[in-house]
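Below is one structure, written out as structure tokens; comments come after it.
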Amino acid sequence: MVSAVSLEGVSKTYDDFHAVRDVSFEVPAGRITGFLGPNGAGKTSTLRMILGLMPASAGRITVLGANDATRVRQRIGFLPEERGLYKRMTPVDAIAFFAGLKGVPEAEGRRRAKAMLEAQGLGPAAKKPIKDLSKGMAQKVQLLSALAHEPELVVLDEPFSGLDPVNQQSLEAMIREIAARGATVLFSTHVMQHAERLCDKVVLMAKGRKVFDGDVAAARCAAPRALVLEGDLSAADVAALPGLGAVTSEPSPDGGWRHVALLPADGGGHEALKAAFARDLALRRFELKEPSLHDAFIVLTGGQA
């Protein structure tokens, strides 16, 4: 598979602090890759090295076939974590301005800006000062500013930060649209649900090191499956059932108890269910829970989530 971005043994040191340690991974061309990890894991430092905004202390980075991303900057779109637009500009002017910095003629930039704003439901706001827009609308404008020159590689640093659920859903749809037209998307986040819904591949970081590199299904396998049991039964009742691992318990709203029991890799809870019926336990819920990406994230990062 062709890679849009390749890192080999990349490290970044600030004086005595090792922000990134010997990180290697590939970003497949034309796919959506999630770059995940807790705050302080080294994600932003790595993205800045990929983009050529600061040098690596060690290792090799290739972006769109170039050893220096600044040589192919016209083919890259970037949404930084630190948001910033000229507040007195209108969305049309802002998008056309940033497109112009990437070589798009002004008239064409304005045409694209108007079309993109209309497509995102922002047509009525096209000529309003950005300072008068909501945070979600302004964030959409900034993302459109990074896309107006039709980049091959789109890098988004914590794009969902501070957005309400409706605008998060809208941004997810925009990311899918970017990938659907053939662009490569690399985005960082510490919220696993977005990556679980969007990504073809995920790279997990913790304390500056890569702890996982692969698809979402493979990542989930790092965490155990579990049984969720609810009813008028004690933790001791559940712990006595065969084929279960550690059990955590908490009161449930209906006055009973909710128990979560881990399962071994080859366990499906069948023996536990038979034993529960045989002992006439008062069960209202007996559900097999497959691990989520968040569960795997906690396991792979040593609980830093």
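Annotation note: Cβ proximity below 6 Å between a residue of segment 167-182 that is over 14 Å from G34 (Cβ atoms) and a residue that is part of a helix (DSSP H, G or I) and modelled with pLDDT under 90 (sequence gap 6+ or interchain) occurs for N167/G136. Suppose the filter is in contact with a helix residue (DSSP H, G or I) (Cβ under 8 Å, 6 or more places away or on another chain) and either in the same structural domain as T189 (by TED's automatic domain parsing) or of a type in the set (G, A, S) (or both); does S292 pass it? Yes. When segment 225-253 is filtered for residues that are in a loop (DSSP other than H, G, I, E, B) and either surrounded by fewer than 18 Cβ atoms within 10 Å (Cβ to Cβ) or in contact with a Ser or Thr (Cβ under 8 Å, 6 or more places away or on another chain) (or both), the ones remaining, listed by number, are D232, S234, A240, P242, G245, A246, S252, P253. Checked against the criterion of being aliphatic (A, V, I, L, M), within 30 Å of L198 (Cβ to Cβ) and free of Cβ contacts under 8 Å to residues at least 60 places away in the same chain, segment 223-232 contains not a single residue that satisfies it. Here E196 does not fit the description of being surrounded by fewer than 17 Cβ atoms within 10 Å (Cβ to Cβ) and within 15 Å of the chain's Cα centre (by Cα).
The values are calculated or read from the model by the stated rules, or taken from the named source; none is laboratory data. Because the structure is predicted, anything quoted here is derived from the model rather than measured. Here the Cβ is made from the backbone with ideal geometry for all residues, glycine too, and neighbour counts use every protein chain on show.
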